[in-house]
1. Which one is right for this structure if P(r) over Cα pairs in 20 Å bins from 0, in percent is calculated from it: (1) 23, 59, 18, 0; (2) 15, 30, 25, 13, 13, 4, 0; (3) 18, 50, 27, 5, 0?
2. What residues from the range 299-319 fall in the zone where the backbone N is under 11 Å from a label point 7 Å along the Cα-to-C-beta line of Ala377?
3. Measure out, as a whole number of angstrom, how far apart the alpha-carbon centroids of the range 521-571 and the range 251-286 sit.
4. Starting at the first residue of the range 191-205, write each ³J(HN,Hα) from the Karplus equation 6.51 cos²θ - 1.76 cosθ + 1.60 with θ = phi - 60°, in whole Hz, x for Gly and Pro.
5. Could I get the Rg over Rh figure for the range 63-154? Both from C-alpha atoms, Rh via Kirkwood, rounded to two places.
6. Mean separation of Cα pairs under 8 Å and 6+ residues apart, divided by the residue count of the chain: what relative contact order is that in percent?
7. What does the extension gain come out to for Thr169 and Ala549, with contour length at 0.36 nm per residue minus their alpha carbon separation?
8. Tell me whether the range 260-344 comes out rounded, prolate or oblate; compute the Cα gyration tensor, take square roots of the eigenvalues as a ≥ b ≥ c, and use a/c under 1.5 as the rounded threshold.
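Any read-out appearing in this document is the output of simple, stated calculations on the displayed coordinates, not a laboratory observation. Everything numeric here is computed off the predicted structure, so don't read it as measured data. Here the Cβ positions follow ideal geometry from the backbone for every residue, glycine too, while neighbour counts run over all protein chains shown.
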Amino acid sequence: MHFPTHLIGALCLAAAQCAHADLILPAPPELQSGYRTALQPVHATQHMAAAANPLASEAGRAMLRAGGSAIDAAIAMQMVLTLVEPQSSGIGGGAFILYWDGKRVQAFDGRETAPATVTQTLFLRADGTPMPFRDAQIGGRSVGVPGVLRALKLAHDQHGKLPWRDLFTPAITLARNGFPVSQRLNTLVAGDPFIARSPAMARYFLDQQGRPLAVGTLLRNPDLAQTFERIAGEGVDAFYTGEIAEAIVANVRTHANPGHLSLNDMRQYQAKERTPVCGPYKAWQICGMPPPSSGGVAVLQTLGILDALHRANPQRDLASLPPRATSSVAGLEPAPLAVHLIAEAERLAYADRAQYLADSDYVPVPLKALTSPAYLAGRAAQIGDFSMKYARPGKPEGADLAMAPDRSPLRISTSHLSAVDDSGQALAMTTSVEAAFGSHLMVKGFLLNNHLTDFSFIPQENGKPVANRVEPGKRPLSAMAPTLVFARDSGELVASLGSPGGSQIIGYVNKALIGLLDWHLDPQQASNLPNFGSRNAGTEVEAGLTSPALIRQLATWGHEVTPMVMTSGMQIIQRTAEGWSGGADPRREGVALGD
């Protein structure tokens with residue numbers, strides 16, 4: 001089945017089909033740049049690092065070889081990603097980190113915060129209607145206080161083994177000596193019309209004729225090298241105060257689309273340690289990020305609903321519905337009934353996400369009620385033989401029903417990295433600048449985020465406030481879902497994984513978890529598997545990797561199917577009898593490396 005390129009990713013669940021205008025699906029947050037074939041899982045006995053670019057994975061492995069911890073590897077990888085994958089993450093953005101020290105799981109929240117002087121009308125036009133996404137994104141208006149460095153330092157203070165300074169060496173060397181422009185970076189630059197309108201970005205990413213730098217071009221970033229040297233030598237305060245902070249604030253406030261960020265906002269930012277959300281799925285314990293991320297809750301809800309389904313009806317056990325071999329480059333395709341059940345469970349989880357989830361420092365979030373077995377069993381009872389098409393939020397015990405559903409845009413440009421070290425400590429970290437290339441403000445060699453556009457543009461509806469509305473100091477809702485998996489009987493770490501992909505991250509992580517745990521796929525097979533699911537707006541399947549037969553079968557069950565580009569970027573590290581096995585998403589350029 002062929003779909004014209006200009007329609008893939010923009011196919012609407014048409015107005016005649018979709019009763020909710022706000023559910024029109026956007027294009028994916030990052031363009032596709034190919035699908036790598038013949039990838040095999042990587043095996044190691046001691047340690048492993050997995051990131052979205054080989055140079056970042058090499059930096060992580062170098063730290064592990066030097067006796068570093070998983071957080072040491074993550075810091076080195078994030079600095080290199082700031083350089084080589086600037087469209088997705090960097091020190092101008094935010095991150096969520098899950099960490100296993102061998103005894104407990106910790107959650108470190110490095111999500112951006114809204115400046116102190118923002119108002120709920122930040123993204124409303126004069127007539128009270130929401131701005132078009134690009135009008136809100138480009139420039140200073142969308143920039144939140146970057147949080148990734150504070151979160152990494154908070155985790156390093158507790159679990160770092162190597163000196164902070166040493167963790168920047170690979171990135172500084174690459175920034176000074178140069179790195180070859182990859183096919184993916186070239187593709188993303190070529191597809192972005194706003195780079196040419198940003199003088200700093202144009203000088204860096206384009207040649208003298210205004211064309212994207214060719215693949216293989218050696219790209220140096222001495223400004224970023226200098227920035228890294230300051231942060232390495234002076235600590236993170238060198239970023240949040242002084243010359244770097246002054247440059248960030250000046251760029252935000254003097255842009256044609258100015259923002260509210262101040263030096264005081266920068267100086268006062270703090271990363272937070274939060275309690276992870278953990279819950280059972282069959283023989284495993286799944287741990288994820290709590291609010292302001294919705295990822296951990298939505299993944300636990302989806303798996304809990306699916307677990308309740310199979311308890312009520314053994315024929316709906318996903319373990320008995322494995323994927324089948326196909327002639328597509330993915331090599332496998334999920335069974336139609338599995339897609340039906342997972343999509344319906346995700347529909348229910350996304351309905352609750354929109355109604356109840358936001359920054360829990362500002363909004364009461366009924367975490368225990370949303371993930372309780374009894375509540376999820378009640379949600380599962382709504383799944384039948386035919387698609388419900390659109391799910392309504394449930395009514396968990398103690399929930400505040402005085403809020404209106406979220407209407408934030410469904411797009412985030414992101415990266416994921418995982419690591420396990422010699423002592424068995426492990427990390428799953430998802431990191432982001434929001435849309436591709438963030439706000440398009442380039443300061444001292446790095447890009448600033450546009451994460452404030454993750455807030456609902458509409459602060460209230462029908463007189464009810466939206467939980468994820470803009471408020472001073474608040475952290476916007478996220479779908480990022482770094483995940484750690486444990487065996488319930490032994491407590492042993494089983495896997496570290498996560499993916500970029502905007503609001504589709506939840507579905508990508510669900511697919512990988514079910515692939516690993518129910519279908520016994522190796523990490524590479526789980527990454528390769530075609531993407532599918534529902535964000536409570538029809539059923540999405542990955543164009544080019546999904547057969548017409550699967551689409552037809554779903555349609556007979558009432559699904560309104562949208563084939564679309566689904567640019568996941570999964571990184572998976574899984575325990576094996578010999579040590580570790582790693583897989584990287586064929587849709588991007590990442591690798592897992594280990595010894």
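1. Of the listed options (1) 23, 59, 18, 0; (2) 15, 30, 25, 13, 13, 4, 0; (3) 18, 50, 27, 5, 0, (1) comes from this structure.
2. Those under the cut-off are 308-309, 311-312.
3. The range 521-571 and the range 251-286 have Cα centres separated by 30 Å.
4. Values per residue, Gly and Pro as x: x, 10, x, 8, 4, 5, 8, 10, x, 5, 5, 4, 4, 8, 9 Hz.
5. 1.11
6. Contact order relative to length: 26 percent.
7. This chain segment gains 131.6 nm when fully extended.
8. Prolate.
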